[in-house]
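Worksheet: the structure to be examined is printed underneath.
The values are calculated or read from the model by the stated rules, or taken from the named source; none is laboratory data. Note that the structure is predicted; figures quoted are calculated from it, not measured. Neighbour counts are summed over all protein chains in view; Cβ atoms, including those assigned to glycine, are modelled from backbone coordinates with ideal geometry.
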Amino acid sequence: MTDTPVFLMAEPTHYDVAYRINPWMKPGVWSASPAENRLAARRGWDALKEALEHCGASVAAMPGAAAVPDLVFPANAAVVLDGLALVARFRHPERQGEEPHFLAALSGLRDRGLLREVRQIEGCFQEGAGDCLWDAGRGHFWVASGPRSTTASVEVIAETFGQPVVHVPLATERYYHLDTCFCPLSGGEILYYPPALTAQAQRALLDHTHPDQRLEASDEDAEAFSVNAVCIGHTIVMARPPARLAARLAERGYDVVPVGLEPFMLSGGGAFCMTLRLDLSSAPVTALAA
Ligand code: ARG
C-alpha cells in the first residue's frame with residue numbers, strides 16, 4: 001500500500017445525455033450539437049484526469065460501453081473502504097445495465113491488487129459513493145437515503161464495513177445524490193448545501209461538526225456543481241466554481257483547481273461523480289491543518 005490516492009474513471013467514449021432521470025439532465029441540449037458536446041466531454045474528462053494526476057493521484061481508466069452513457073460516473077459504482085468494493089444496485093432501469101460493467105472493472109482491479117474484495121450489495125438500492133461518503137477525519141460514513149438509495153442500505157453498509165454510519169436523508173429530487181450537496185474536506189470542514197438536507201440530516205450534521213467546520217454552499221455554488229468536488233490534501237478539484245466560493249476556500253488554505261465539466265453537468269454530474277476513490281482506509285488520520 002502506498003499513500004498515492006487512486007481513482008477509477010470511466011472513458012467517455014459512449015457518453016451522451018439520452019434520457020432524463022434527474023432534473024438537471026438535458027437530452028435536448030445534448031442532441032442539438034452532439035459532435036461538439038462529445039468533443040467537449042472528451043476535453044473535460046482529460047482535464048479532470050490530468051488535474052487529479054497533477055495532485056499526485058493515479059487514475060485507473062475503465063472503458064466506456066454502448067447503451068450505458070452514465071457509466072462515466074463511477075462514483076455510483078460502489079462504496080469502497082479498506083480494499084472492499086460494495087458494488088451498487090441502481091434505482092433506475094436506465095442505469096442498471098452498468099452493474100455488470102462495474103463488477104467486471106472492479107474485479108479486474110482486484111486481480112491487479114488494487115482491491116481486496118468485490119461484492120454486490122443485496123436487498124436495497126444503493127448508488128455507491130454518490131450516496132455514501134467516507135469521512136476520514138471523523139472515522140465514519142455519511143450515508144444518504146433519498147431519490148436513489150433506500151433507507152435499508154444504511155444498515156447494510158454499517159454491517160458490511162463494520163464502521164460507524166451517520167444517516168443523512170436527502171430532501172429533494174434536485175439534489176438526488178449526497179455528493180451533489182455534501183463534501184467532507186481534508187481539514188475537517190464539510191461543504192454542504194442546506195436546502196438539500198432533511199431536518200434529520202441537518203441535525204446529524206450539527207451533532208458531528210463544530211460551527212466553524214460547516215461551510216454553507218450558496219444556491220449558485222450548488223448549481224455550479226461546486227459541492228461535487230474531489231479533495232486531495234489541500235487541493236480541491238471541481239467544476240468551475242463561482243469566484244466567491246473559490247475565495248472562501250482559499251481563505252481556509254485550499255487551492256481550488258477548476259475544470260470545465262459543462263457537458264457532464266448536462267447529465268447532473270460534476271468532478272466527484274466522475275471518479276471513484278479506491279484507496280480509502282479506515283485507519284485513523286490526523287486532519288490536515290488548513
Ligand atoms: N445522469 C446521472 C444520474 O442521474 C448522473 C450521475 C451523477 N453521479 C453522482 N454521483 N451524483 O444518475
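Observations on the structure shown:
- Selection within region 83-104 - within 16 Å of the ligand (Cβ to nearest atom) and in a loop (DSSP other than H, G, I, E, B): Ala88, Phe90, Arg91, His92, Gly97
Let's see how each residue does on (1) at pLDDT below 95; (2) among the hydrophobic types (A, V, I, L, M, F, W, C); (3) over 18 Å from Leu197 (Cα atoms):
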site	(1), (2), (3)
Ala104	no, yes, yes
Gly139	no, no, yes
Val165	no, yes, no
Thr180	no, no, no
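- Filter result (within 25 Å of Ala222 (Cβ to Cβ) and touching a Pro at 6+ places or on another chain (Cβ under 9 Å)) within region 22-50: Asn22, Trp30, Asn37, Ala40, Ala41, Arg43, Gly44, Trp45
- Number of the exception - Val237 against (1) farther than 24 Å from Phe141 by Cα; (2) away from the ligand (no atom under 14 Å from the Cβ); (3) in contact with a Cys (Cβ under 9 Å, 6 or more places away or on another chain): (1)
- From Asp3, Asp16, Asp70, residue being among the acidic types (Asp, Glu), in a loop (DSSP other than H, G, I, E, B) and either over 17 Å from Leu278 (Cβ atoms) or within 16 Å of the ligand (Cβ to nearest atom) (or both): Asp16
- Within region 105-134, the set of residues being buried (at least 22 other Cβ atoms within 10 Å of the Cβ), within 14 Å of the ligand (Cβ to nearest atom) and not in a strand (DSSP E or B) comprises Glu127, Gly128, Ala129, Gly130, Asp131.
- Of the criteria (1) within 16 Å of the ligand (Cβ to nearest atom); (2) surrounded by fewer than 17 Cβ atoms within 10 Å (Cβ to Cβ), which one Ser33 fails: (1)
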